[in-house]
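The values are calculated or read from the model by the stated rules, or taken from the named source; none is laboratory data. Computed from a predicted model, the values in this text were never measured in an experiment. Cβ placement follows ideal geometry from the backbone for every residue including glycine, while neighbour counts extend to all protein chains displayed. The protein model used for the area step is the full one, side chains on, heavy atoms only, and it has no ligands, DNA or RNA in it. Shrake-Rupley method; radii C 1.70, N 1.55, O 1.52, S 1.80 Å.
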Amino acid sequence: MGECCGMTCFQLHELGAELSLGVLPARERAAAVAHLDGCARCRAEVHRLTLAGDALLSLVPGAEPPVGFEDRVMARLGPSLRPVQRLRRRRRLVLVAAAAVAALATGAGGWALGSAEGTATRTVVPAAAQTQLRSGQLMADGRVLGRVYVHGGPSPWLFMSVDADGVPGPVRCTVQRSDGSTVSVGTFPLRDGYGSWGAGYPAGPDAIAVRLLSAGGTVLATAHLPAAGG
Amino acid sequence: MRNPPGPVLRMGGMHRMGLPLERLPDDALLAGLMAGDPEVAVAFVRRFQRRVFGVAIAVVGDVQLAEDVAQQTFERACRHAQVYDSRRGSVPTWLSAIAHNLAIDMVRARHSTPVDPEDLIALLEAVTDTPERRAIADEESAQLRSAVAELPREQARALVMAGIYGMTARQVAETEGVPVGTAKTRIRTAMGKLRTALAPGREVGHG
Ligand SMILES: [Zn+2]
């Protein structure tokens with residue numbers, strides 16, 4: 001595999017670093033990419049260089065963005081997030097305020113009302129999230145095959161990571177609800193028994209368990225979830 | 001109430017109560033973002049804003065422009081969360097790459113002068129610095145830092161100019177007052193050493 005598409009492996013080797021860093025001028029870049037299309041060895045080499053370039057970026061120190069950055073980003077992300085949940089948040093805010101009033105009435109925490117109003121969106125978010133997210137281990141005959149995270153609410157989603165030696169993919173994921181019904185969430189591949197995957201699923205009665213099934217429908221592992229609410 | 005971290009997870013197989021989003025692994029947070037969950041979006045932005053803004057400000061060197069780059073980065077991440085592949089790199093790596101591309105595009109579009117010599121020196125120091133105060137400094141990044149620190153000065157400069165500032169070999173050559181061929185060799189040699197430093201360990205590809 002000496003030459004492909006007008007560029008030799010040697011020439012590619014000379015330019016691989018610049019290519020992987022994205023600083024190769026357009027014409028050379030086009031020739032290099034054409035070579036990579038037909039040369040797995042050079043492709044692997046450029047992939048390793050790309051990882052090195054990514055690693056270099058990871059050494060750049062973090063920096064605190066200007067005050068208010070988070071709010072401005074959220075305002076910008078707004079349209080791509082679910083409006084249903086923004087409504088839900090407002091309702092929770094009312095609940096928090098009500099709780100604060102109750103606290104005030106019992107003399108337990110006079111500061112709570114003020115802080116709930118003053119930093120409404122900020123204080124409500126993590127507090128509400130705590131009761132929405134649950135986690136359980138994927139178990140099979142006493143063996144741990146992974147972990148599942150389930151986030152409830154009007155647009156529920158789950159995430160799982162699986163480490164199951166010898167289990168071929170693809171695998172299917174289902175959710176067992178508190179009313180006995182089952183919903184199929186989706187299918188995902190495993191590589192050497194390992195995979196991680198997340199997806200949304202339809203709102204409905206609470207999830208009580210998550211199952212991992214083989215392509216043929218055999219139950220491979222089950223994660224029981226703690227009761228929702230909390 | 002006691003709260004022992006590891007063993008309970010292993011024995012009980014579940015938590016008694018809900019988890020704070022702060023405890024969610026990076027890629028789980030991304031799955032929530034994919035589902036359009038605003039609470040997750042806030043947690044996501046909080047977790048990665050320092051990283052994203054750090055890359056942006058290092059490249060563009062201006063707070064206002066860097067904020068714009070960082071905002072666009074989160075917007076893209078939100079819109080393209082489904083294309084993220086954990087085998088190709090961690091979530092912060094992915095976000096850094098997005099921020100980096102956007103920042104370089106911005107610098108190129110503005111035809112800004114490639115790099116302030118003092119900024120370059122400061123960044124070089126930051127990249128090779130191995131302070132104990134950096135709590136997240138894992139073994140891999142320590143190895144990398146020393147690999148960059150051990151490079152001959154001119155190679156390290158070429159590496160930072162090309163790899164972080166996104167300068168072409170020609171621009172590196174002009175800045176350093178050397179032939180283009182020399183600049184190319186410096187970039188290639190430095191990258192080769194960096195890749196070798198990474199090679200024995202695992203790939204940069206775990207959550
Ligand atoms: Zn080749």
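Arrange the residues B:Val172, B:Val63 by how much accessible surface each exposes, largest first, with a 1.4 angstrom probe.
Heavy-atom accessible area, descending, gives B:Val63, B:Val172.
In debye, nearest 20, what is the charge dipole magnitude of region A:3-57 about its Cα centre with +1 on Lys and Arg Cβ and -1 on Asp and Glu Cβ, if you could check?
80
Roughly how big is region A:142-230's charge dipole about its Cα centre, with Cβ charges of +1 (Lys, Arg) and -1 (Asp, Glu), in debye to the nearest 20?
Using Cβ point charges on Lys, Arg, Asp and Glu, region A:142-230 gives about 40 debye.
How far, in nm, would the chain grow between B:Gln82 and B:Asp105 when pulled straight, counting 0.36 nm per residue and subtracting the alpha carbon separation?
Values: separation 23, 0.36 × 23 = 8.28 nm, distance 2.32 nm.
My answer for the length gained is 6.0 nm.
Could you work out how far the C-alpha centroid of region A:185-200 sits from that of region A:1-57, in angstrom?
31
Starting from the Cα of B:Ala122, step 7 Å toward the Cβ, then list every residue of region B:58-101 with an amide N under 17 Å from that point.
B:58-67
From the P(r) of region B:20-112, could you give the percentage of C-alpha pairs in the tail past 23 Å?
Summing the P(r) of region B:20-112 above 23 Å gives 22 percent of all pairs.
If you place +1 on the Cβ of every Lys and Arg, -1 on the Cβ of every Asp and Glu, and leave all else neutral, what size is the dipole of region B:114-200 about its Cα centre, to the nearest 20 Debye?
I would put it at about 440 debye.
Output needed: percent of Cα pairs per 5 Å distance bin for region A:132-224, bins running from 0 to the one holding the longest distance.
3, 15, 29, 28, 16, 8, 2, 0
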